[in-house]
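Here's the structure, in structure tokens; my notes come after.
Just so it is clear, none of the values below were taken in a lab; they were calculated from the coordinates. If you're wondering where the values come from, they're calculated on a predicted model, not measured in any experiment. Here Cβ is always computed from backbone atoms with ideal geometry, including for glycine, and neighbour counts include all displayed protein chains.
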Amino acid sequence: MNVLLLHGSPREEGNTFLALSEIAKTLKTNGIESEMISIGQKAVQGCIACGKCNELDRCVFQDDLYNTVREKLKKADALIIGSPVYYAGPNGSLCALLDRLFYSCPELLEHKPGAAIAVCRRSGGTATLDRLNKYFTIQNMPVVPSQYWTCAHGLRPGDIAQDAEGLQTMRTLARNMAWLLKNLHAGAVPAPEAEPRERTNFVR
């Protein structure tokens with residue numbers, strides 16, 4: 001079993017990285033492997049609503065970041081997304097990537113457990129989680145809980161080490177993810193068969 005950790009901060013080893021690392025360590029102690037991918041500092045192409053993914057079964061843009069994450073999702077059993085808080089929302093580059101991934105390859109995501117974490121200086125964390133969790137709930141993905149909102153706090157890299165409750169919340173999330181994955185792989189009831197999707201725009 002493998003969990004893909006998507007590191008949505010341009011800071012290579014900042015507080016978001018440390019929060020995800022805490023999750024990775026706890027997953028490991030509970031018998032679950034994980035792999036972290038960082039979005040890095042390069043510009044990320046956003047969705048332009050061209051609709052080509054409906055023909056190609058993938059995004060029309062061929063950037064390395066999208067291709068890498070898409071390939072990793074094929075083998076991942078679950079997804080955890082981490083983001084710093086920018087103006088009470090996730091990193092814009094991260095959202096640009098997620099818009100394209102979730103729209104162009106839903107079959108790689110459906111019924112896989114998902115979770116989001118937010119790292120903030122002071123506040124805006126729950127608003128960030130609300131945005132990120134919407135990706136999961138629109139794609140038939142069970143959202144894994146924790147003992148509190150999955151936020152951790154810190155400004156300078158390393159500050160998160162002082163947030164004892166925040167780190168504990170990360171560990172609880174990891175243990176819940178491991179528990180759910182083990183139950184799913186123990187022979188749980190198969191995912192329900194989906195109806196053909198209806199798409200309306202309230203005009204017709």
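A few comments on the model shown:
- When the listed pairs K25/K52; K25/K74; K52/K182; K28/K52 are checked against a 28 Å cut-off, the alpha-carbon distance exceeds it for K25/K52; K52/K182; K28/K52.
- Averaging the Cα positions of each part gives two centres, and for the stretch 130-204 and the stretch 1-26 these lie 14 Å apart.
- Cβ-Cβ distance of E107 and Q162, R₀ of 41 Å, FRET efficiency by 1/(1 + (r/R0)^6): the value works out to about 0.45.
- A crude spin-label estimate for the pair F202 and N183, with each label 7 Å from Cα along the Cβ direction, gives 3.6 nm.
- Cβ crowding within 10 Å, taken as a proxy for footprinting-reagent exposure, orders H185, H7 from fewest neighbours to most as H185, H7.
- Highest to lowest packing among 19-26, 44-51, scored as the average C-beta count within 10 Å: 19-26, 44-51
- Among [x] 50, 46, 29; [y] 52, 42, 33; [z] 59, 37, 29, the entry derived from the coordinates for Cα extents along the principal axes in Å: [y]
- Ranked L18, L27, criterion: other C-beta atoms within 10 Å, fewest first: L18, L27
- Percentage relative contact order, the chain, counting C-alpha pairs under 8 Å, at least six apart: 24
- Hits among lysines - C-alpha to C-alpha of K134 under 19 Å, sequence gap 8 or more where chains match: K112
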